[in-house]
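Comments concern the structure below.
The values are calculated or read from the model by the stated rules, or taken from the named source; none is laboratory data. Remember, predicted model here, so these are calculated numbers, not experimental data. Using ideal geometry, Cβ is built from the backbone for each residue, glycine included, and neighbour counts are taken over all protein chains shown.
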Amino acid sequence: MSRKFLAVSIPVLVMLGVVTAYAEEHNHADHQGHMAHMGGDQRQLVEFPPEVRVHFLSNMRGHLQALSDITLAMSDGQYDKAADIADTTLGMDSPSAAGCKMGSSLDQKATPPEIQDHQRMQQYMPPLMRQAGIEMHQTASDFAIEVRKVSKTGDSKLALSALSRVTQRCISCHASFRAQ
């Protein structure tokens, strides 16, 4: 994929991320009034205790930051760096994946505090939301595999397609659920 394509794609992805973050953070009466006028927000409401909601929204902003960092690394030709970011912040072995993994243990002694925070989220997430999260984390791991190949092949088309699948999982979840 050409640098020109990446140069256009990155600002678009960043702008979409900013809009999504703004919408999540600014759930004010004017926004709700607009949604009511448009037929209401049909997404499933997921109610978190305040401290878990704060962590959950911070986690979502972290995902957006990771996507921004990944696209920036790719635009600079740093494909291994993009893969490392995906693996450590979004992939199946990342701390944030613990919040979606069904049956994760809350053993306080064996689990680091960061993982415990992510695991607390799962108690309040509906099964379909956890499944959407697992799918996003799995597609991020798949992306990491594809983007590592770019250094050898010089062809980023499959990696960009895999990255698109990651963002589509994000969009699908945000279109289905809202946090309160």
### Task
Can you tell me which residue within segment 115-149, out of those that are within 13 Å of the chain's Cα centre (by Cα) and either β-branched (Val, Ile, Thr) or more than 29 Å from Ser161 (Cβ to Cβ) (or both), is modelled with the highest pLDDT?
Thr139
### Query
Could you list, in sequence order, the residues of segment 52-88 that are among the acidic types (Asp, Glu) and touching an Asp or Glu at 6+ places or on another chain (Cβ under 9 Å)?
Asp87
#### Entry: Tally, over segment 47-96, of residues that are among the aliphatic types (A, V, I, L, M) and outside any helix (DSSP H, G or I)
1
### Task
Would you mention how many residues in segment 140-180 are closer than 30 Å to Gly40 by Cβ and in a helix (DSSP H, G or I)?
13
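Rundown of residues vs (1) within 23 Å of Gln131 (Cα to Cα); (2) touching a residue at least 60 places away in the same chain (Cβ under 8 Å); (3) in contact with a helix residue (DSSP H, G or I) (Cβ under 6 Å, 6 or more places away or on another chain); (4) charged (D, E, K, R), yes/no style:
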{"position": "Leu45", "(1), (2), (3), (4)": "yes, yes, no, no"}
{"position": "Val52", "(1), (2), (3), (4)": "yes, yes, yes, no"}
{"position": "Asn59", "(1), (2), (3), (4)": "yes, yes, yes, no"}
{"position": "Gln65", "(1), (2), (3), (4)": "yes, no, no, no"}
{"position": "Lys81", "(1), (2), (3), (4)": "no, no, yes, yes"}
{"position": "Pro95", "(1), (2), (3), (4)": "yes, no, yes, no"}
### Message
Which numbered condition in (1) closer than 20 Å to Ser151 by Cβ; (2) modelled with pLDDT under 85; (3) not in a helix (DSSP H, G or I) is the only one that Ser9 fails?
### Response
(3)
### Task
May I ask you to list the residues in segment 121-148 that are basic (Lys, Arg) and touching a residue at least 40 places away in the same chain (Cβ under 8 Å)?
Arg148
### Message
I'd like the full set of residues that are surrounded by fewer than 19 Cβ atoms within 10 Å (Cβ to Cβ) and either at pLDDT below 95 or closer than 16 Å to Ile85 by Cα (or both), limited to segment 154-164.
### Response
Gly154, Ser164
### Message
Would you confirm, using the coordinates I've provided, whether Ala36 is assigned to a helix (DSSP H, G or I), more than 21 Å from Arg130 (Cβ to Cβ), among the small types (Gly, Ala, Ser) and modelled with pLDDT under 95?
### Response
yes
### Task
Return yes when Asp30 is surrounded by fewer than 16 Cβ atoms within 10 Å (Cβ to Cβ) and either modelled with pLDDT of 95 or more or β-branched (Val, Ile, Thr) (or both) and no when it is not.
no
